[in-house]
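The values are calculated or read from the model by the stated rules, or taken from the named source; none is laboratory data. Just so we're clear, the structure is a prediction, and the values are computed from it rather than from any experiment. Don't worry about glycine lacking a Cβ; one is built from the backbone with ideal geometry, like all the others, and counts go over all protein chains shown.
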Amino acid sequence: MTSVVFIVDDDQAVREALQSLLRSVGHVVEAFECTRDLLEHRQRMAELAGCLVLDVRLPGQSGLDLQRQLAADGILLPIVFITGHGDVPMSVAAMKAGAIEFLTKPFRDQDLLDAVHRALELDTGRRAAATALAALQARFDSLTAREREVMALVAAGQLNKQIAAELELAEVTVKVHRAQVMAKMQARSLPELVRMADRLSADGRGG
Amino acid sequence: MLVSNSPPNREQKLFALGVVAVLLGAMLLVAPFARNRLEGSEPMVLAYTAAVFTTEMITAALLLSLFAVQRSPAILVLAIAYLYSGFMAVPWALSFPTVVASLGLAEAGQQTTASIAAMRRIGCPLFLLAYAMLRRSGEVPAGRMVPAMIVGSVAAVAVVVAGVTWTILGNQDLLPVFVDEGRRITHVWMYVPIVALALYAVLIVLLGLFGRSVLDLCLLVVICALTIDLVLLSFVSAGLQFSVGWWAGRLYSLAAASVVLIVLLAEAASLSARLARSAAAERRAHEDRMVTLQAFSAAVAHEINQPLASMVTNADAGLRWLARERPDVEEARAALTRIARDGHRAGKVVEGIRTTFSKRDEDRGQLNINQLIRDVLDCYRDECRAAHVVMQTELDPDLPLVSGNRVQIEQIIANLVTNAIDAMRTVTDGERVLRVTSTAMSAGEVVVSVADSGIGLPPAHADRLFQPFFTTKPNGLGVGLTVSRLILEAHGGRLWASDNAPAGAIFHFALPCAARPAPFAEERAR
């Protein structure tokens, strides 16, 4: 899956220059004049890996406002801010809200490219983690209710005998369930299953 | 404008006339009772003397401080007159028998009091005469001379008064017989009022006919009061000490001593109020200008920065397109094209700023630059006085008119004058002179020069002087000269700087003369 660099700057000249610079190092770039135009692509922004290069001072909604709105909407695209007149409070606010970088125009091209690179790496990593978690969740969802109970107790470190007593099952039955859990979750060892249970519970949906 | 150099207006003249009339009226009221003796009033002499002494000393001090600023020898002589009169009042009071007795001193001879009074009577008008003669003489050069002259004058007057007193006390036998055994004045005394009155008459003529300032008018009132005093004392009361007429004379003398003091104090009060008002107004105007300039420079910075940023980014992108394994010439070409376009855009911004200062052609008029200079300098008069800066002008009377925007040209002159004053604030040795000249040049230009005797132009800064945001002032924005130059260029003029001798800087600007209508054009048209 390719990643896209979204640019929002109201100045056409700056937009074109940024596009050219980013394309010259092989990025896929989409540029917009204002945040409203960008938000029409909200769906793709959620789906595609990428990052946002955002002018702070824009007509209509400002860059900082957009940053807040995207965060509220759960769109976690990393943001690189650029500004014609960077003042300290503004950059502090942007960085606190999770911006990757805050660059003052005119900036060194390497600074921008480095920031974009970091942003894309972050987003790719984040998306890979999200995909893996989704796959794990799908495997967990394929377990029966009894198997989930057994998995939770196994992950909690209980022995088959204890689980049998707890669930009022024969120890043999527990062993069958346990083998089934290991197979469905594609866990090669007990520690791996424990880690899977941890990640699922950290995500708030598992055990 | 000071009392010493501003001409009196109609109200002030009428008021002075009214005061003299009241004084005369009071004399006529007193005349019938003039020879009634007020028994036991002799100790009052001390209180009276204290009042006269204090009033005259304060007046002298104010006049000396006025001299320190104005450096007019006439003012110094006037201060000396008050010092002399005040100092002489002390031995005069101390020579009264009851006063001497109450202080436990040895009684002085009978002629002592009258002799001192005679010296005081004749001395004061002589000094006033010197003042009247010196009024038109030039200023004393500024520098260390002025404080030395002040201290020297005070010391000299004190020495003279002490010497006169000592001589009178030590040569009792040689003193003229001014009073007889019955404490009545003799015919010898009559020479004193006659000489004094003659001097007063000369002074009244001199100041009345040739007096030009409020101070001259005040002195006229003073002399009138002194004349009445002398008439009451010597003629109406027949020199009878402690009589109603004698005491009325004392009151007139006190009134005379107070006139100049009252006027000087009133002026000081109104001056300080005016100074505070104008300083506040100047500060407000300055802040307004700063806000405008700050908004203006922020806008310019943004407008220039955008194309600049895209030029830099385009250049970087072009380099990267060319640095690829297979250089992409088309992309690089596109980037270069965009750089050119952005350069033109930045150029348009600069052009826009230029035309902002020149586009209002309808605001342009035919300007009398001399009048403009005078108007601006009027606004800075109080500030100059506060900064001890002497203002000089040398305006070419045959200056042709100039076509331009009045507000903008005024702004330039004001800017240069402010700079000049600021440049002299730290000067402690030597004069602080602001000199504005206007000259008509044969090339069809009017050149205005603003010279100061300030810190001058440091050679290190010479080339940066007109650059935006360059300033040597702690709170300066560094746009004054830049904006001035932009305005002048929009008017087809020039702005430059040179060194002043022996110290300081001169800023010159040239403006082309307005196209003069051809002579007799009207006649020919008819």
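Observations on the model:
- Of the residues B:Arg385, B:Arg354, B:Arg381, B:Arg338, the single one that is at pLDDT 80 or above, in the same structural domain as B:Leu308 (by TED's automatic domain parsing) and either charged (D, E, K, R) or more than 30 Å from B:Ala315 (Cβ to Cβ) (or both) is B:Arg338.
- Verdict on A:Leu120 being in contact (Cβ under 8 Å) with a residue 12 or more places away in the chain, touching a Pro at 6+ places or on another chain (Cβ under 9 Å), away from chain B (no Cβ under 14 Å) and not hydroxyl-bearing (Ser, Thr, Tyr): yes
- Residue within the stretch B:424-444 that is of a type in the set (Gly, Ala, Ser), touching a helix residue (DSSP H, G or I) at 6+ places or on another chain (Cβ under 9 Å) and free of Cβ contacts under 8 Å to residues at least 60 places away in the same chain present: no
- With respect to (1) part of a helix (DSSP H, G or I); (2) modelled with pLDDT under 85; (3) over 30 Å from B:Ser95 (Cα atoms), the lone exception for B:Asp173 is condition (3).
- Total residues in the stretch B:54-92, condition in contact with a helix residue (DSSP H, G or I) (Cβ under 7 Å, 6 or more places away or on another chain) and outside any helix (DSSP H, G or I): 1
- Residue within the stretch B:93-111 that is under 20 Å from B:Tyr200 (Cα atoms) and in a helix (DSSP H, G or I) present: no
- Every condition in (1) surrounded by 12 or more Cβ atoms within 10 Å (Cβ to Cβ); (2) in a loop (DSSP other than H, G, I, E, B) holds for A:Gly157 except the one numbered (1).
- Count of residues meeting criterion [within 14 Å of chain B (Cβ to nearest Cβ), under 24 Å from B:Val300 (Cα atoms) and either under 21 Å from the mean Cα position of the chain (by Cα) or in a helix (DSSP H, G or I) (or both)] in the stretch A:51-97: 1
- Taking (1) out of contact with any Leu (no Cβ under 6 Å at 6 or more places or on another chain); (2) within 14 Å of another protein chain (Cβ to nearest Cβ) in turn, B:Ala281 satisfies each apart from (2).
- Residue match in the stretch B:270-288 (condition: closer than 30 Å to B:Ala26 by Cβ and either in contact with a strand residue (DSSP E or B) (Cβ under 6 Å, 6 or more places away or on another chain) or among the hydrophobic types (A, V, I, L, M, F, W, C) (or both)): no
- Put simply, of B:Val99, B:Val52, B:Val45 the only residue that is closer than 30 Å to B:Ala268 by Cα and touching a residue at least 24 places away in the same chain (Cβ under 8 Å) is B:Val52.
- Hits in the stretch B:79-114 (condition: modelled with pLDDT of 90 or more and either over 16 Å from B:Ala51 (Cα atoms) or of a type in the set (S, T, N, Q) (or both)): B:Ala79, B:Ile80, B:Ala81, B:Ser85
- Flag for A:Leu112 being in contact with a Leu (Cβ under 7 Å, 6 or more places away or on another chain), of a type outside the set (Lys, Arg) and within 14 Å of another protein chain (Cβ to nearest Cβ): yes
- The stretch B:296-341, subset among the acidic types (Asp, Glu), part of a helix (DSSP H, G or I) and more than 7 Å from chain A (Cβ to nearest Cβ), residue surrounded by the fewest Cβ atoms within 10 Å (Cβ to Cβ): B:Glu330
- Residues that are among the polar types (S, T, N, Q) and within 14 Å of chain B (Cβ to nearest Cβ) were ranked within the stretch A:1-34; the one that is surrounded by the fewest Cβ atoms within 10 Å (Cβ to Cβ) is A:Gln12.
- Selection within the stretch B:390-409 - touching a helix residue (DSSP H, G or I) at 6+ places or on another chain (Cβ under 6 Å) and free of Cβ contacts under 8 Å to residues at least 60 places away in the same chain: B:Met391, B:Leu395, B:Leu399
- The single condition from (1) more than 14 Å from chain B (Cβ to nearest Cβ); (2) on the phi > 0 side of the Ramachandran plot that A:Arg44 fails is (2).
- Just one of the listed residues (B:Ser253, B:Ser258, B:Ser310, B:Ser234) is touching a Pro at 6+ places or on another chain (Cβ under 7 Å) and small (Gly, Ala, Ser), and it is B:Ser234.
- B:His461 vs. criteria out of contact with any Phe, Trp or Tyr (no Cβ under 7 Å at 6 or more places or on another chain) and free of Cβ contacts under 8 Å to residues at least 24 places away in the same chain: yes
Residues checked against (1) in contact with a strand residue (DSSP E or B) (Cβ under 9 Å, 6 or more places away or on another chain); (2) surrounded by fewer than 13 Cβ atoms within 10 Å (Cβ to Cβ):
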residue: A:Ser91; (1), (2): yes, no
residue: A:Lys96; (1), (2): no, yes
residue: A:Ala99; (1), (2): yes, no
residue: A:Pro106; (1), (2): no, no
residue: A:Gln137; (1), (2): no, no
residue: A:Glu149; (1), (2): no, no
residue: A:Lys161; (1), (2): no, yes
residue: A:Gln180; (1), (2): no, no
residue: A:Pro191; (1), (2): no, yes
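- Test: residue in the stretch B:354-364 that is of a type outside the set (Asp, Glu), without any contact (Cβ under 8 Å) to a residue 24 or more places away in the chain and closer than 30 Å to B:Glu303 by Cβ: yes
- Any chance B:Leu265 is touching a residue at least 24 places away in the same chain (Cβ under 8 Å), more than 14 Å from chain A (Cβ to nearest Cβ), surrounded by fewer than 22 Cβ atoms within 10 Å (Cβ to Cβ) and under 20 Å from B:Phe53 (Cα atoms): yes
- Residue in the stretch B:349-370 that is farther than 26 Å from A:Asp55 by Cβ, in a helix (DSSP H, G or I), touching a Ser or Thr at 6+ places or on another chain (Cβ under 9 Å) and more than 14 Å from chain A (Cβ to nearest Cβ) present: yes
- Single residue of B:Ala301, B:Ala332, B:Ala285, B:Ala295 found to be over 21 Å from B:Leu481 (Cβ atoms) and not assigned by TED's automatic domain parsing to the domain that holds B:Cys379: B:Ala332
- Extreme residue, surrounded by the most Cβ atoms within 10 Å (Cβ to Cβ), among residues of the stretch B:451-481 that are at pLDDT below 80, small (Gly, Ala, Ser) and outside any helix (DSSP H, G or I): B:Gly478
- Among the candidates B:Glu431, B:Glu394, the residue that is of a type in the set (Asp, Glu) and at pLDDT below 85 is uniquely B:Glu431.
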